[in-house]
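Below: one structure, written as structure tokens.
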Amino acid sequence: TPTFTRKNSWDIGILDGLEAFVGVKQAEVDKLNQVVELEKAEKQVLQDVKQAYYDYQKSVIQVNSTVKRLEYRKRLREFAEHRLSKKEIELSEYLQAESDLVREKAELHKALKEYFSAKAALNHAVGIQNFFNMENPQKK
């Protein structure tokens, strides 16, 4: 009679659950990385807002200072004009006062440009959109 040998094999799946475990751990690492990136973004936003607010306050002070200097230059020019009409000064002194006034007006324009730029940057930093309403400026 022929002899039959029967072999039974039994596989143990030690590594079967390892792939799922690695997937879970990778998801946890990805989540932590996203939290770190979010914290970095929050810090950057706060820094941007702080810097924009500082620049805005600085520009407000600059505009106020320039307006005061402009008023002073206007008074000096008016005084020089009065003295010129009385022949107390030469024309060159009056022209110098006029030149100083024009130079101060240019400084005011520069300060106003910086003010509006700083205000727009602050609005952008805090998320305000449409700072300048461009739809119909005559309707105000």
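Quick note: the coordinates plus some simple rules give every number you see, no bench work behind them. Computed from a prediction, not measured in an experiment: that's the story for all the values here. Positions of Cβ are backbone-derived with ideal geometry, glycine not excepted, and every protein chain shown enters the neighbour counts.
For segment 58-119, the calculated P(r), taken from all Cα-Cα distances in 5 Å bins from zero up to the bin holding the longest distance, is 4, 21, 22, 16, 13, 10, 8, 4, 2, 0 percent. Using the Cβ of residue 72 as centre and a radius below 13 Å, the other residues enclosed give a net charge of +3, where K and R count +1 and D and E count -1.
Summing Lys and Arg as +1 and Asp and Glu as -1 over all other residues whose Cβ lies under 12 Å from the Cβ of residue 108 gives a net charge of +4. Residue pairs exceeding 23 angstrom between C-alpha atoms, taken from 40/113; 43/110; 74/110; 50/119; 40/119: 40/113; 43/110; 40/119. Modelled spin-label separation between residue 39 and residue 53, with each label point placed 7 Å from Cα along the Cα-to-Cβ direction: 2.3 nm.
Taking one quarter of the surface of the convex hull spanned by the alpha-carbon atoms of segment 26-140 gives a direction-averaged projected area of 11.7 nm². Here the extension length gained between residue 130 and residue 74 equals 16.6 nm, from 0.36 nm per residue of separation less the Cα-Cα distance. Once the chain from residue 95 to residue 117 is taken as fully extended at 0.36 nm per residue, the excess over their C-alpha distance is 4.6 nm.
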